Amino acid sequence: MEKDWFLYDREKQQITVRLADKKELRITPADVLLSYFSGGPGGQHLNKTMNGVRLIYHIPYDYLNAFQKTRQLVSRSISQRSKEQNMRQAFDQLAEKVRRYFYMPQKRKKTKVPKGSKEKRLQSKKMRGKLKHDRKMVDY
């Protein structure tokens, strides 16, 4: 995979993923299902503010990863006091989840064992065998 296969523009809140088959997936806030919630104790004030943010992104069928079982990525944030900060933090989390979802490790190239190291290994095996052979009890 290329080095710049994953791009995340934090200001525009836009995620771009370039896949191996030259397809490009662009995720914008319009593609993400957004909901606000409040959680934990807090009573009336908490019920009025609802500053927690939940983002749900449904991965299109064309881009589904055969190795992953999930079809949607969910991120949520309630750690900040404002909706805007929670929105930014949730989108950061979503970007990281998208990066992990589409990451494909590079395939390892098979290499031959060098002739010199093969000979060295066989030589050390012979030496070890000779050492053990010398310990053998001699039968007269």
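None of the figures in this text is laboratory data; all of them are computed from the coordinates on show. This one's a predicted model, so the numbers in the text were calculated from it and none came from an experiment. Cβ placement follows ideal geometry from the backbone for every residue including glycine, while neighbour counts extend to all protein chains displayed.
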For this session: Considering only G116, G52, G39, give the residue with the highest GNM mean-square fluctuation for the chain, with springs between Cα atoms whenever their separation is below 10 Å.
Result: G116
Exercise. For the Cα atoms of the chain, what angle does the longest principal axis make with the long axis of helix 115-135, in degrees from 0 to 90, nearest 10?
Worked result: 50
Exercise. Among Y101, Y140, Y36, which comes first, then next, by fewest other beta-carbon atoms within 10 Å?
Worked result: Y140, Y36, Y101
Problem set entry | the chain, dipole about Cα centre (Lys/Arg Cβ +1, Asp/Glu Cβ -1), debye to the nearest 20 | 1540
Seminar exercise, completed: Taking the chain and counting helices only, DSSP H stretches of n ≥ 4 at -39,500 (n - 2.57) each over all residues, the nearest-500 ellipticity at 222 nm comes to -11500 deg cm²/dmol
Exercise. How far is helix 83-102 tilted, in degrees, relative to the longest principal axis of the Cα atoms in the chain, given as a value from 0 to 90 rounded to the nearest 10?
Worked result: 30
For this session: Could you tell me which of rounded, prolate or oblate describes the chain, using a ≥ b ≥ c as the square roots of the eigenvalues of the alpha-carbon gyration tensor, with rounded for a/c under 1.5 and, failing that, prolate when a/b is larger than b/c and oblate otherwise?
Result: prolate
For this session: Considering only Q106, Q93, Q14, give the residue with the highest GNM mean-square fluctuation for the chain, with springs between Cα atoms whenever their separation is below 10 Å.
Result: Q106
Exercise. If you build a Gaussian network model of the chain, linking Cα atoms that sit under 10 Å apart, which residue out of K115, K12, K23 swings the most?
Worked result: K115
For this session: Within 10 Å of each residue's Cβ, count the other Cβ atoms and sort E96, E119 from fewest upward.
Result: E119, E96
